[in-house]
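Below you'll find the structure, written out as structure tokens, and then a few comments.
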Amino acid sequence: GNSVTQMEGPVTLSEEAFLTINCTYTATGYPSLFWYVQYPGEGLQLLLKATKADDKGSNKGFEATYRKETTSFHLEKGSVQVSDSAVYFCALSDYNTGGFKTIFGAGTRLFVKA
Amino acid sequence: DVKVTQSSRYLVKRTGEKVFLECVQDMDHENMFWYRQDPGLGLRLIYFSYDVKMKEKGDIPEGYSVSREKKERFSLILESASTNQTSMYLCASSVQKSSGANVLTFGAGSRLTVL
């Protein structure tokens, strides 16, 4: 079946450091890939997405490229801010009976220090 | 502003009680989902629904049931709550699309503690 694996946290960085959070997936079809972010006390919200191989999703300085050859969708940001402290979830959406089903990785908590 | 609203942010229940978690969306979305979120496990899909009065089991349906009598409302039911159902429950919705870019809109979550 489909699955998503992401690097364990927590990840602790200083402000303006470079961020990478690794994500790999297993899928039988041609899934769409997502990064969702959860700020403290809130539900998840979409950060970025990519729907086919070699697509790059980007938002708020974050980027991720859909790499079919390595089945990866790593999240990167060149210079993190304290306000980026949150939990980040990698996810894939694939067709299931009747519609699309989304499954998530375990989440990676990011702490950014001033 | 589009919203998914979960009726209770925090609940404390006793073992054996029947628990209802309500979720309402105002976006006219066809799809609705219930996940539970546990540390180190991420989000796991309990049940989902693609249309009124229909439901599909997710990855961990045991001990849960759902009801979707109206398009905008999707309820999660714990028939007899147990301590291992203590968790954060997240409701989400999405528009029905023929492509895979099925973006979920989440509610703020309902934290359930079963004593």
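Solvent-accessible surface of the protein assembly as shown, taken per residue with a 1.4 Å probe and all protein chains present: 47 Å².
Among the GluC sites (Glu not before Pro) in the stretch B:35-115, those located in a DSSP loop and surrounded by at most 10 other Cβ atoms within 10 Å of their own Cβ are B:Glu62.
Compute the whole-percent fraction of alpha carbon pairs in the protein assembly as shown spaced more than 25 Å apart. Display every interim value, and only then the final one.
Numbers: 10456 of 26106 pairs.
Summing the P(r) of the protein assembly as shown above 25 Å gives 40 percent of all pairs.
The charge dipole of the stretch B:1-63, taken about the Cα centre with unit charges on the Cβ atoms of Lys, Arg (+1) and Asp, Glu (-1), comes to about 380 debye, rounded to the nearest 20. Taken one residue at a time, the phi angles of the stretch B:63-76 give Karplus couplings (6.51, -1.76, 1.60, θ = phi - 60°) of x, 10, 9, 9, 9, 9, 8, 10, 4, 7, 10, 9, 10, 9 Hz. Gly and Pro are set to x.
Taking only the Cα atoms of chain A, the radius of gyration and Dmax are 13.8, 47 Å.
Summing Cβ point charges (Lys, Arg +1; Asp, Glu -1) relative to the Cα centre of the protein assembly as shown gives a dipole of roughly 380 debye.
Quote the charge dipole size of chain A about the Cα centre in Debye, to the nearest 20; the model charges only the Cβ of Lys and Arg (+1) and of Asp and Glu (-1).
On the way: 10 positive and 11 negative charges, 39 e Å.
Using only the charged Cβ atoms, the result is roughly 180 debye.
Convex hull over the alpha-carbon atoms of the stretch A:51-114: what's its volume per residue in Å³? The partial results should precede the final answer.
Working: hull volume 7.0 nm³, N = 64.
So the per-residue hull volume is 109 Å³.
Using the average count of surrounding beta-carbon atoms within 10 Å as a protection proxy, the listed peptides A:66-74, B:39-47 rank, highest first, as B:39-47, A:66-74. The stretch A:1-33 and the stretch A:65-114 have Cα centres separated by 5 Å. Spatial offset of the stretch A:36-53 relative to the stretch B:50-115 amounts to 18 Å, using the alpha carbon center of each. Give me the distance in nm between label points sitting 7 Å out from Cα along the Cα-to-Cβ direction at B:Lys71 and B:Asp28, one decimal. The two pseudo-label positions are separated by 0.7 nm. For the options A:Leu44, A:Leu75, A:Leu33, a Gaussian network treatment of chain A with springs between C-alpha atoms closer than 10 Å singles out A:Leu44 as fluctuating the most. Working from Cα pairs under 8 Å separated by at least six residues, relative contact order for chain B is 36 percent.
Which residue, chosen from A:Gly61, A:Leu19, A:Ala106, occupies the Cα position most advanced towards the positive end of the dipole of chain A, where the dipole is computed from +1 (Lys, Arg) and -1 (Asp, Glu) charges on Cβ about the Cα centre? Positive-end residue among those listed: A:Ala106. For B:Arg111, the amide hydrogen comes within under 5 Å of the amide hydrogens of B:Tyr10, B:Leu11, B:Tyr89, counting only partners 5 or more places away or on other chains and with H modelled in the peptide plane.
The values are calculated or read from the model by the stated rules, or taken from the named source; none is laboratory data. As the structure is a computational prediction, the values presented were derived from the model and not from experiment. Note: ideal-geometry Cβ built from the backbone for every residue, glycine included; neighbour counts use all protein chains shown. Note: accessible area is taken over every heavy atom of the protein model, side chains too, but ligands, DNA and RNA are not part of it. Shrake-Rupley method; radii C 1.70, N 1.55, O 1.52, S 1.80 Å.
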